[in-house]
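S.K.: Could you have a look at this structure, given as structure tokens, before my questions?
The values are calculated or read from the model by the stated rules, or taken from the named source; none is laboratory data. Given the structure is predicted, the values throughout are model-derived calculations rather than measurements. Neighbour counts are summed over all protein chains in view; Cβ atoms, including those assigned to glycine, are modelled from backbone coordinates with ideal geometry. These accessible areas exclude ligands, DNA and RNA; they are computed on the full protein's heavy atoms, side chains included. Shrake-Rupley method; radii C 1.70, N 1.55, O 1.52, S 1.80 Å.
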Amino acid sequence: EKYGVKNLSVEEMVSQVEFVLEQNLAWNPLKTRQLKIQTTRMGEPSMNFATLDAVRELHKILPNAKLFISTVGIQNDFLNRLLALKKETPNEDYIQLQFSLHTTSETHRRELQPNGHLMTFEGIGQFGKLWHK
């Protein structure tokens, strides 16, 4: 297995956050005004369904944190499952969603992300409205 060429497990994702917390023991993350955890530079979250369980686990550990999911908009069931997860708790805004489009051209997006079936801009807009409800 090559370094960086596998999906992270739930434990690996959570341990990355725990590592940062352990390096900053003087700081109490439960008492901070604003705590953000972002899923960037870890691969495409929607291509790793373990991300959903990691979000669930991180919310248990850090209920005040905003968990930012950054996606290019792969067309699979991930976003629907993320939406269902968001609705599991009364604090529905703990999951924040960001679409990284990288260009305003549908054609160029497909060149930049050839491995997956990308949502169209219209599809992203429709999902955004559903997410906002």
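S.K.: Roughly to the nearest percent, how much of the accessible area of the chain is carbon and sulfur, given a 1.4 Å probe?
M.R.: That fraction is 52 percent.
S.K.: Using each residue's phi in the stretch 55-66, evaluate 6.51 cos²θ - 1.76 cosθ + 1.60 at θ = phi - 60° and report the 3J(HN,Hα) Karplus result to the nearest Hz, with x for Gly and Pro.
M.R.: 4, 4, 5, 5, 5, 5, 6, 10, x, 8, 7, 9
S.K.: Helix 121-132: angle to the longest alpha-carbon principal axis of the chain, degrees 0 to 90, nearest 10?
M.R.: In the chain, helix 121-132 runs at an angle near 30 degrees to the longest axis.
S.K.: Restricting to the chain, compute how many DSSP beta bridges are antiparallel as a %, nearest 5.
M.R.: The answer is about 10 percent antiparallel.
S.K.: May I pose another question? For the pair Asn24 and Lys87, what calculated FRET efficiency results from E = 1/(1 + (r/R0)^6), where r is the Cβ-Cβ distance and R0 = 41 Å, to the nearest 0.05?
M.R.: Numbers: r = 32 Å, r/R0 = 0.78.
My answer for the efficiency is 0.80.
S.K.: Still on this model: Out of residues 5 or more away from Gln96 or on other chains, whose amide H comes under 5 Å of its own, with H placed 1.01 Å from N in the peptide plane?
M.R.: Leu67, Phe68, Ile69
S.K.: Another question, if that's okay. Residue by residue through the stretch 18-27, which ³J(HN,Hα) values in whole Hz follow from phi under the Karplus form 6.51 cos²θ - 1.76 cosθ + 1.60 (θ = phi - 60°), with glycine and proline marked x?
M.R.: 4, 4, 4, 5, 5, 7, 9, 5, 6, 9
S.K.: Please list, ordered by chain and number, the residues whose modelled amide H lies under 5 Å from the amide H of Ile74; skip anything fewer than 5 residues away on the same chain.
M.R.: Residues meeting the criterion, in which the H sits 1.01 Å from N, are Met119.
S.K.: So what is the calculated 222 nm ellipticity per residue for the chain, using -39500 (n - 2.57) for each DSSP H run with n of 4 or more, over all residues, to the nearest 500 deg cm²/dmol?
M.R.: Details: 5 runs with 53 residues, N = 133.
Calculated from helices alone, the mean residue ellipticity at 222 nm is -12000 deg cm²/dmol.
S.K.: So what's the convex hull volume per residue for the Cα atoms of the chain, in Å³? Write out the running numbers ahead of the final one.
M.R.: On the way: hull volume 16.6 nm³, N = 133.
So the per-residue Cα hull volume is 125 Å³.
S.K.: Residues with beta-carbon under 15 Å from that of Val17, excluding Val17: net charge, scoring Lys, Arg +1 and Asp, Glu -1?
M.R.: Working: positive: Lys36, Arg41, Arg56, Lys60, Lys66; negative: Glu11, Glu12, Glu18, Glu22, Asp53, Glu57.
Once all neighbours under 15 Å are counted, the net charge is -1.
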